[in-house]
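Single-structure report; data block below.
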Amino acid sequence: MRQPRGYVCPFTSSLPPLSDLNHPSWQAAEWITEWHGILGGETNPTSIEAKLLWDHTHLYLAARMKEHDLWAFQTEHDSSVWLDNAFELFLDPDCDGHNYFEWEINPLGVILDMSMDRPYICGGTRNDDLEIPDLGLVLITDGAVNDPSATERGWRFGAAFPWTFLTQIGHSGNAPSAGDTWKFNMMKMFWPVEVRNGVYVKDHTQPEKYWTFAPTNVLDIHRPHIWGSLHFADSASKVPADEDWDTKFGLIQTVGLDSRSRAEGLLPREDLRLLADHIVLEHESGFAVRTMSPSGRFYTMTADGRLMYEG
């Protein structure tokens, strides 16, 4: 598998206004305009744009989207927001595939914020207890939501996530340092709808679409090992290549994280797809597969899907 996409998240010394995504404070970051189907290959034909900035107190996210139909059915906090045309952000600060964060928002401004102890395919469970105190958010819609007669359809938002909330997933809650790289992804849902008796209803004759920053190549966004890279920088620059990606992906393949469905789960010990340089060790999770990369680092994949390294 080709190395996943990366994005440079520049440092900002001035607070970007959440209500004005064209303000000069946002200009240091590039708009992400290329979105792919979750299975790879297919690209989004409509307008989705997003960008990120950071400072010592917050991660800032801006997004703007055109919608042919502006609707949302979920109205309760932490409800099934992904069943609407929602926008989603995922963060895994320590890049081990465990204890990561998911945030979703729909055009009504309804939010789902949650954590996962590990991916579903690894036996993970969702925790809705995570909340973000002092989340900054401004959402603006072009046209009325759930009004099929509206002619201008789209929505945009600016959000400010305080680093401190990440203590809820085992992180220090401190800001990253310039040069740090986290695993992350973003996804925009699209559910076809039709109008019946003047109201929107889902059109179940057409499939939904999952537009992602970094495709996982399986019908499951909860594959943090295959997400993209979020590189924190002092200013705009290039994302550094991950010289150990081939070694990591070899371990990902060994346990089936790249190809198996949630229902199938990870490969059992007797069916591991071991490479010549892989060593199977005893581990409290059941087993662990260890190997050394060309850079001299040792990487270990545990039976419950945690990727660790030494050196």
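Tell me which residues, restricted to segment 148-188, are among the polar types (S, T, N, Q) and modelled with pLDDT under 95.
Initial filter on segment 148-188 (among the polar types (S, T, N, Q)): 149, 151, 164, 167-168, 172, 174, 177, 181, 185.
Across segment 148-188, the qualifying residues are SER149, THR151.
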(1) among the aliphatic types (A, V, I, L, M); (2) in the same structural domain as GLN27 (by TED's automatic domain parsing); (3) touching a residue at least 12 places away in the same chain (Cβ under 8 Å) all hold for VAL201 apart from (3)
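Identify, from the list LEU257, LEU230, LEU219, the residue that is under 22 Å from ALA288 (Cβ atoms) and hydrophobic (A, V, I, L, M, F, W, C).
Working: LEU230 fails: under 22 Å from ALA288 (Cβ atoms); LEU219 fails: under 22 Å from ALA288 (Cβ atoms).
When all the criteria are applied, what remains is LEU257.
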Counting only residues that are out of contact with any His (no Cβ under 6 Å at 6 or more places or on another chain) and either of a type in the set (Lys, Arg) or part of a strand (DSSP E or B) (or both), segment 125-160 contains a total of 16
Check HIS77, HIS58, HIS98 and return the single one that is surrounded by fewer than 16 Cβ atoms within 10 Å (Cβ to Cβ) and assigned by TED's automatic domain parsing to the domain that holds TYR210. HIS77
Check off (1) within 21 Å of GLY40 (Cα to Cα); (2) among the small types (Gly, Ala, Ser); (3) out of contact with any strand residue (DSSP E or B) (no Cβ under 7 Å at 6 or more places or on another chain) for SER229 and give me the number that stays unchecked. (3)
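Having 2 or more residues that are in contact (Cβ under 8 Å) with a residue 40 or more places away in the chain and in contact with an Asp or Glu (Cβ under 9 Å, 6 or more places away or on another chain) is the bar; report the strands (runs of 3 or more DSSP E) wholly within segment 4-76 that clear it. First the steps, then the outcome.
Numbers: elements: 6-10, 48-54, 58-66.
Result: 6-10, 58-66.
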Which of the residues that make up segment 178-221 are more than 18 Å from the chain's Cα centre (by Cα) and outside any loop (DSSP other than H, G, I, E, B)? VAL193, GLU194, VAL195, ARG196, VAL199, TYR200, VAL201, LYS202
Which of (1) under 22 Å from THR300 (Cα atoms); (2) in contact with a His (Cβ under 9 Å, 6 or more places away or on another chain); (3) modelled with pLDDT under 95; (4) not aromatic (Phe, Trp, Tyr) is the odd one out, the single condition LYS248 does not satisfy? (3)
Taking segment 222-245, which residues are modelled with pLDDT of 95 or more and either β-branched (Val, Ile, Thr) or part of a helix (DSSP H, G or I) (or both)? PRO224, HIS225, ILE226, TRP245
For residues in segment 106-131 being free of Cβ contacts under 8 Å to residues at least 40 places away in the same chain and under 14 Å from the mean Cα position of the chain (by Cα), which is nearest to MET308 (Cα to Cα)? MET114
Regarding segment 286-304, can at least one residue be identified that is modelled with pLDDT under 95, surrounded by 12 or more Cβ atoms within 10 Å (Cβ to Cβ) and among the aromatic types (Phe, Trp, Tyr)? no
Go through the residues of segment 256-268 one by one and say whether even a single one is touching a residue at least 12 places away in the same chain (Cβ under 8 Å), in a strand (DSSP E or B) and in contact with a Cys (Cβ under 9 Å, 6 or more places away or on another chain). no
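The values are calculated or read from the model by the stated rules, or taken from the named source; none is laboratory data. Since we're looking at a predicted model, the values are computed, not measured. Note that we place each Cβ from the backbone using ideal geometry, even for glycine, and neighbour counts take in every protein chain shown.
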